[in-house]
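Engineer: Got a structure for you, written out below as structure tokens; questions coming shortly.
The values are calculated or read from the model by the stated rules, or taken from the named source; none is laboratory data. These numbers were taken from a predicted model, which means no experiment stands behind them. Here the Cβ positions follow ideal geometry from the backbone for every residue, glycine too, while neighbour counts run over all protein chains shown. Please note that ligands, DNA and RNA were not included when accessible areas were found on the heavy atoms of the full protein model with its side chains. Shrake-Rupley method; radii C 1.70, N 1.55, O 1.52, S 1.80 Å.
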Amino acid sequence: MLYCSALFARYANKIKTAIFASLLVAILIRTPDVFPSFENKYFLEPMTFAEIIKAKESAIQFYAQDLLKAGCCATEAEAFEAAREEIYQESSFKNYFFTIRSSAVEKPLGYVWCDRSNGEESDEELLSDAYVQTIFLEQEFRGKGIAEKIMRNLEKQFKKAGASSIGLFVFAHNESAYHLYEKLGYKIMKIVVHPDMVVIGFRMKKELSTEVLS
């Protein structure tokens with residue numbers, strides 16, 4: 001997900017339409033349980049329609065904060081509307097929404113939103129067979145290596161499903177996430193900058209063809 005100020009001005013009057021359309025899409029989304037438990041402890045549980053909407057509303061809040069930190073928006077209101085529009089426009093029939101759960105605790109640890117294809121990119125270098133939109137962990141579960149385990153599991157399962165590459169976007173100010181992706185072997189394919197050349201974030205990609213499945 002990446003906000004562009006020009007798009008906000010162009011589509012500001014289409015937010016309600018985008019939200020309504022995404023609700024219809026979410027009703028029809030099928031998220032089969034293709035991601036089994038991993039590490040003998042964690043598992044990804046397909047979301048219900050209501051859970052998908054709740055997760056998207058949560059993602060809007062955090063994405064809006066990121067837009068402000070990155071300097072993409074001048075006000076909180078502008079950031080919120082931009083985040084809402086872009087997140088709902090990301091809906092497609094190839095999306096997967098999962099609740100992150102653990103056998104050790106009863107409540108959810110967070111959620112995952114990923115896409116089986118990122119084939120609409122005009123830049124061939126950015127094309128990927130799978131795309132990670134969001135991995136969110138509640139505060140108390142961060143810093144425990146869970147995000148790394150989830151990413152490794154997603155890579156393994158996507159490769160089993162036939163994907164040869166996986167892409168993502170990370171804001172420049174999210175240093176912990178950037179270093180995690182770098183550690184996992186993701187390479188910067190594009191540096192996203194403001195018109196004044198301030199770095200917003202990075203489009204990253206990993207080839208899965210050389211990964212060994214365990």
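Engineer: So if we plug the beta-carbon distance of LYS190 and GLU57 into 1/(1 + (r/R0)^6) with R0 = 30 Å, what FRET efficiency do we get, rounded to 0.05?
Structural biologist: Rounded to the nearest 0.05, the efficiency is 0.55.
Engineer: Indicate the gyration tensor shape class of the stretch 109-214 (rounded, prolate or oblate), computed on the Cα atoms with a ≥ b ≥ c the square roots of the eigenvalues: a/c under 1.5 is rounded; otherwise a/b larger than b/c is prolate and the rest oblate.
Structural biologist: Working: a/c = 1.81, a/b = 1.08, b/c = 1.67.
The shape class here is oblate.
Engineer: Read phi for every residue in the stretch 46-57 and hand back ³J(HN,Hα) as whole Hz from Karplus 6.51 cos²θ - 1.76 cosθ + 1.60, θ = phi - 60°, with x for Gly and Pro.
Structural biologist: Ordered by residue, 3J(HN,Hα) equals x, 7, 7, 4, 4, 5, 5, 4, 5, 5, 5, 5 Hz.
Engineer: Now a separate question. What does the convex hull of the Cα atoms of the stretch 157-214 come to per residue, in Å³, rounded to a whole number?
Structural biologist: Hull volume over Cα atoms, normalised by residue count, gives 82 Å³.
Engineer: Cα gyration tensor of the stretch 120-179, axes a ≥ b ≥ c as square roots of the eigenvalues: rounded (a/c below 1.5), prolate (a/b > b/c) or oblate?
Structural biologist: Oblate shape, in that a/c is at least 1.5 and b/c is the bigger or equal ratio.
Engineer: Given the whole protein assembly as supplied and a 1.4 Å probe, what does the accessible area of CYS72 come to in Å², nearest 10?
Structural biologist: The accessible area of CYS72 comes to roughly 20 Å².
Engineer: Quick check on the stretch 64-166: take the gyration tensor over C-alpha atoms, sort the square-rooted eigenvalues as a ≥ b ≥ c, and tell me if it's rounded (a/c under 1.5), prolate or oblate.
Structural biologist: oblate
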